[in-house]
Amino acid sequence: MCLWGGEMSYAIIIRGPLGVGKSTISEILAKKLKAKHFEMDKIFDEYNLAKNRKEGFDVTPKSSRKVNELLVPKIKQVMKSKNPVIIEGNFYLKSQLNDLIKKLNSKNYIFTLKAPVEVCIDRDSKRKNTCGKDAARVVHNKTSEFDEGIIIDTKNKTPAQTINEILRFIE
């Protein structure tokens, strides 16, 4: 389902702290839009580009640029077929987000998901592979250093409500 009648593709970038609902929202949204879902954290992990994962995911400008270099060709390949893509990650650094947007050079929508740190900690605690309170606090603080795009508070929203809010902006 390409919202522009198959004429062009676009990227939806979903960012925010650990436990805010990025993965859940991105997975459901990808199915709904028949989009390819890319997870930035998996690239950081796969190529060992972040140190101290349990202490809050220490990301440097160099490692974030490397993730973009690894991911952008894959994203562009999908976009050539006129399919949308969803890219989700914490995006600690505004420079990484700006670099990604520049390299993609395509229509994009950026959504910053927010919730209080206590909500994020609670949601993380219910996961199979929890990151822990300390990591959740560090990630929350770091991702909250800047806002970008459309801000959506997920605190009292179901995933379906959040997705409907996102869809109102892209349709």
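In the stretch 133-157, the qualifying residues are those that are touching a Leu at 6+ places or on another chain (Cβ under 7 Å) and of a type in the set (Gly, Ala, Ser), and the one that is farthest from residue 14 (Cα to Cα) is 135. The set of residues in the stretch 123-132 being of a type outside the set (Gly, Ala, Ser), surrounded by 15 or more Cβ atoms within 10 Å (Cβ to Cβ) and out of contact with any Leu (no Cβ under 8 Å at 6 or more places or on another chain) consists of 123, 130. Considered as a group, the residues in the stretch 68-82 that are surrounded by 13 or more Cβ atoms within 10 Å (Cβ to Cβ) and farther than 17 Å from residue 95 by Cβ include one that is nearest to the chain's Cα centre (by Cα), and that residue is 75. Within the stretch 41-52, is even one residue over 18 Å from residue 30 (Cβ atoms), exposed (fewer than 14 other Cβ atoms within 10 Å of the Cβ) and among the small types (Gly, Ala, Ser)? No.
Just wondering, is there one or more residues in the stretch 108-122 that are surrounded by fewer than 14 Cβ atoms within 10 Å (Cβ to Cβ) and part of a strand (DSSP E or B)? No, there is no match, as no residue in the stretch 108-122 is surrounded by fewer than 14 Cβ atoms within 10 Å (Cβ to Cβ) and part of a strand (DSSP E or B). For the stretch 86-107, the candidate set comprises residues that are within 23 Å of residue 161 (Cα to Cα) and in a strand (DSSP E or B); within that set, the residue that is modelled with the lowest pLDDT is 89. Checking the stated criteria, residue 62 turns out not to satisfy the condition of being at pLDDT 90 or above and assigned to a helix (DSSP H, G or I). Restricting 85, 59 to those that are within 19 Å of residue 142 (Cα to Cα) and in contact with a helix residue (DSSP H, G or I) (Cβ under 8 Å, 6 or more places away or on another chain) reduces the list to 59. Identify the residue in the stretch 110-145 that is touching a helix residue (DSSP H, G or I) at 6+ places or on another chain (Cβ under 9 Å) and of a type in the set (Ser, Thr, Tyr) and, among all such residues, is farthest from residue 89 (Cα to Cα). Ranking the qualifying residues of the stretch 110-145, first place goes to 125.
Just one of the listed residues (123, 65) is more than 24 Å from residue 170 (Cβ to Cβ), free of Cβ contacts under 8 Å to residues at least 40 places away in the same chain and either among the charged types (D, E, K, R) or in contact with a Pro (Cβ under 7 Å, 6 or more places away or on another chain) (or both), namely 65. A residue that is touching a Cys at 6+ places or on another chain (Cβ under 8 Å) and within 16 Å of residue 41 (Cβ to Cβ) occurs nowhere in the stretch 110-118. For the stretch 154-165, filtering for residues that are within 13 Å of residue 16 (Cα to Cα) and surrounded by fewer than 15 Cβ atoms within 10 Å (Cβ to Cβ) leaves 1.
The values are calculated or read from the model by the stated rules, or taken from the named source; none is laboratory data. Note that the structure is predicted; figures quoted are calculated from it, not measured. When we count neighbours, we look across all protein chains shown, and the Cβ atoms used for this are built from the backbone with ideal geometry, even at glycine.
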